[in-house]
Amino acid sequence: VSVEIDRLRRETPGCEHVIHFNHAGSSLMPAPVRDATVRYIEREAEIGGYETADEYQEQLEAVYDSTARLLNASRNEIAIVENATRGWDMAFYAVAFSSGDRILTSHSEYASNVLAFYQMRERGVSVETIPNDEYGQVDVSALAAMMDNRVKAISISHMPTNGGLLQPAAEIGAVARQSKAIYILDACQTAGQVPLDVEAIGCDVLTASGRKFLRSPRGVGFLYVRESLIEQLNPPFIDLLAARWTSRDGYTMRTDARRFENWERNFAGVIGMGVAIDYALDLGMPAIWQRILERSGLLRSRLSSIPGVQTHDLGEIKGGIVTFTKEGVPARAVADHLKRQKINVVVSTVFSTRFDMEDRGLSEIVRASVHYITSDEEIDRFCEEINFLS
Ligand SMILES: Cc1ncc(COP(=O)(O)O)c(C=O)c1O
C-alpha cells in the first residue's frame with residue numbers, strides 16, 4: 001500500500017506545496033485530472049468552445065457512464081450540474097409540497113438544505129428533526145416511529161460538513177421504502193470517500209460536488225434521480241436542454257435526469273470530473289474508504305492524546321473529516337497558525353450546521369479532513385503543530 005500511496009502522492013502536484021487537510025472543502029487534483037481539464041480549455045482556445053464540445057462528445061457522454069458506475073445507477077438517472085446544492089435544489093424544489101406535508105431531517109443537516117426547508121415551511125410544510133441515537137447519528141427506530149402518510153421527504157446529509165459522522169443511510173432507506181416519501185441523500189462529503197450504491201441505500205435522490213473527495217476541479221457536480229421518479233418531478237426551472245419547444249404553445253420535457261440540467265456548463269470541469277471519477281473507480285472505492293478510515297482514525301486518536309485537545313466527531317463509524325478544538329486557542333487562531341505553516345484546514349461554524357452545533361454548545365471547530373494520500377509524516381507534523389500551539 002505505501003508504494004502505491006507514494007506513487008499517488010507523486011501524481012498529486014499539490015503534495016509538494018502544502019499539507020492539505022481540506023479534502024472536505026476542495027481536494028488536490030491528481031495530475032491526470034488537471035491535465036485533462038487544461039487540455040480541454042486549450043482546445044477551446046484553439047478551435048472554439050462549441051467545436052471542442054463536438055470533438056469531445058464521446059468523452060463528455062462517457063462522464064454519465066462513469067458517474068452511474070460510481071453510484072450503481074443507470075446513465076439516464078444522472079444529471080451533471082454546477083455543484084451539490086444546485087443539484088439538490090433542482091430535485092427538492094421539483095417536489096410538489098403542499099400545506100400539511102412533513103419534511104424529516106437529521107440534526108446534522110447542511111445549512112443550504114435547511115434554508116430550502118424553511119422556505120417550504122412558509123407554505124405550510126412542517127420541518128422536523130429526527131432524534132439522534134447514542135452515537136449521535138439518526139435513530140432509525142425513532143424515524144420509523146415518526147413516519148405517517150404526511151411525510152413527503154426524508155432528507156439526510158450522509159456525512160455532515162462538520163464531522164466524520166457517517167449516517168446509517170441504508171437503514172434510513174429501508175424505512176423510507178415503506179412509505180411514499182422521497183428520500184434525498186446529500187452525499188457531498190461521501191462521494192469519492194465512501195462506496196455508494198443507490199440500490200443498496202434505497203435513496204431516490206443523491207447529490208454531490210466533484211471538488212471534494214472526488215478530487216475534480218471546482219464548479220461541477222452531479223444529481224442522481226431514481227428512474228421511476230424522474231417524470232413525477234417538475235424542475236423549478238427548465239431551459240431548452242431540459243425541455244423542447246415542440247409546438248407554438250407547447251413543450252415536451254425530457255424524460256431522463258437531464259431535465260434537471262442547464263444547457264450551458266463548464267465543459268472543461270465536466271471532463272475533469274469524469275477523469276476524477278474514473279481515477280477513484282480505478283483505485284477502488286472500498287480500498288479508498290478503508291484507507292481513509294485508517295488515516296482519520298490515526299489522526300483522531302493522535303489529536304485526542306494531546307493535552308487540551310478535544311475531538312468532536314460523532315457516529316458509530318467516523319470517516320475522513322476530523323474536527324477538534326484546543327483549549328484556550330480559538331479555532332480561527334488554530335487555522336491561521338496552520339496556514340502560516342502551509343497546512344490547510346478550515347473552521348466549521350454554527351452557520352453551516354446549526355441544529356447540531358447548538359445542541360452541542362459549539363460555535364466554531366477546526367476541521368481537518370484527510371484522504372488516502374495523507375502520509376504519516378503529514379499527520380506527525382500536524383500533531384506537532386497542534387501540540388505546541390498555545
Ligand atoms: C454536507 C454538505 N452538503 C452540501 C454541501 C454544498 O456543496 P456545494 O458547495 O457543492 O453546493 C457541502 C459543502 O461543504 C456539504 O458539506
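Values for this structure:
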| quantity | calculated |
| --- | --- |
| Residue satisfying condition, being in contact with a helix residue (DSSP H, G or I) (Cβ under 9 Å, 6 or more places away or on another chain), without any contact (Cβ under 8 Å) to a residue 60 or more places away in the chain and surrounded by fewer than 24 Cβ atoms within 10 Å (Cβ to Cβ), within set L185, L233, L240, L143 | L143 |
| Subset of segment 153-165 [within 15 Å of the ligand (Cβ to nearest atom) and either within 12 Å of the chain's Cα centre (by Cα) or not small (G, A, S) (or both)] | I156, S157, H158, M159, P160, T161, N162, L165 |
| Members of segment 115-151 that are at pLDDT 95 or above, in a loop (DSSP other than H, G, I, E, B) and on the phi < 0 side of the Ramachandran plot | V125, I130, P131, D133, E134, Y135, Q137, D139, M147, D148, N149, R150 |
| Any hit, segment 65-86, residues being touching a helix residue (DSSP H, G or I) at 6+ places or on another chain (Cβ under 7 Å), assigned to a helix (DSSP H, G or I) and closer than 30 Å to G124 by Cα | yes |
| Verdict on L293 being buried (at least 16 other Cβ atoms within 10 Å of the Cβ) and in a helix (DSSP H, G or I) | yes |
| Extreme residue, farthest from I172 (Cα to Cα), among residues of segment 204-223 that are more than 9 Å from the ligand (Cβ to nearest atom) and among the charged types (D, E, K, R) | R215 |
| Scope segment 243-261; condition assigned to a loop (DSSP other than H, G, I, E, B) and either surrounded by fewer than 18 Cβ atoms within 10 Å (Cβ to Cβ) or among the basic types (K, R) (or both); matching residues | R248, D249, R254, T255 |
| Qualifying position, being closer than 30 Å to L283 by Cα and among the β-branched types (V, I, T), among V114, V63, V125, V95 | V63 |
| Residues satisfying the stated conditions in segment 151-174, i.e. over 26 Å from R300 (Cα atoms) and crowded, with 24+ Cβ neighbours inside 10 Å | A153, I154, S155, I172 |
| Selection count, segment 123-152, where residues are closer than 22 Å to V95 by Cβ and among the acidic types (D, E) | 2 |
| Pair list, Cβ < 6 Å and 6+ apart or interchain, from segment 9-21 residues that are in contact (Cβ under 8 Å) with a residue 12 or more places away in the chain to residues that are assigned to a strand (DSSP E or B) and among the aliphatic types (A, V, I, L, M) | I19/I343; F21/A368 |
| Residue ranges of strands (runs of 3 or more DSSP E) in segment 298-384 with at least 1 members among the basic types (K, R) and either crowded, with 21+ Cβ neighbours inside 10 Å or at pLDDT 95 or above (or both) | 321-326, 364-369 |
| Candidates A36, A79, A73, A68 - the one that is hydrophobic (A, V, I, L, M, F, W, C), crowded, with 18+ Cβ neighbours inside 10 Å and within 16 Å of the ligand (Cβ to nearest atom) | A79 |
| Residues of segment 82-97 satisfying the condition of being surrounded by fewer than 24 Cβ atoms within 10 Å (Cβ to Cβ), within 14 Å of the ligand (Cβ to nearest atom) and closer than 16 Å to L229 by Cα | D89 |
| Residue in segment 166-176 that is more than 19 Å from G202 (Cβ to Cβ), within 16 Å of the ligand (Cβ to nearest atom) and touching a Ser or Thr at 6+ places or on another chain (Cβ under 8 Å) present | no |
| Out of S108, S112, sole residue that is in a loop (DSSP other than H, G, I, E, B), closer than 22 Å to Y224 by Cα and in contact with a helix residue (DSSP H, G or I) (Cβ under 8 Å, 6 or more places away or on another chain) | S108 |
| Any chance L283 is surrounded by 23 or more Cβ atoms within 10 Å (Cβ to Cβ) and within 23 Å of S27 (Cα to Cα) | no |
| Test: residue in segment 114-136 that is crowded, with 16+ Cβ neighbours inside 10 Å, within 12 Å of the ligand (Cβ to nearest atom) and farther than 30 Å from A268 by Cα | yes |
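The values are calculated or read from the model by the stated rules, or taken from the named source; none is laboratory data. These figures come from a predicted structure and were not determined experimentally. As a convention, Cβ positions derive from the backbone with ideal geometry for all residues, glycine included, and neighbour counts pool all protein chains shown.
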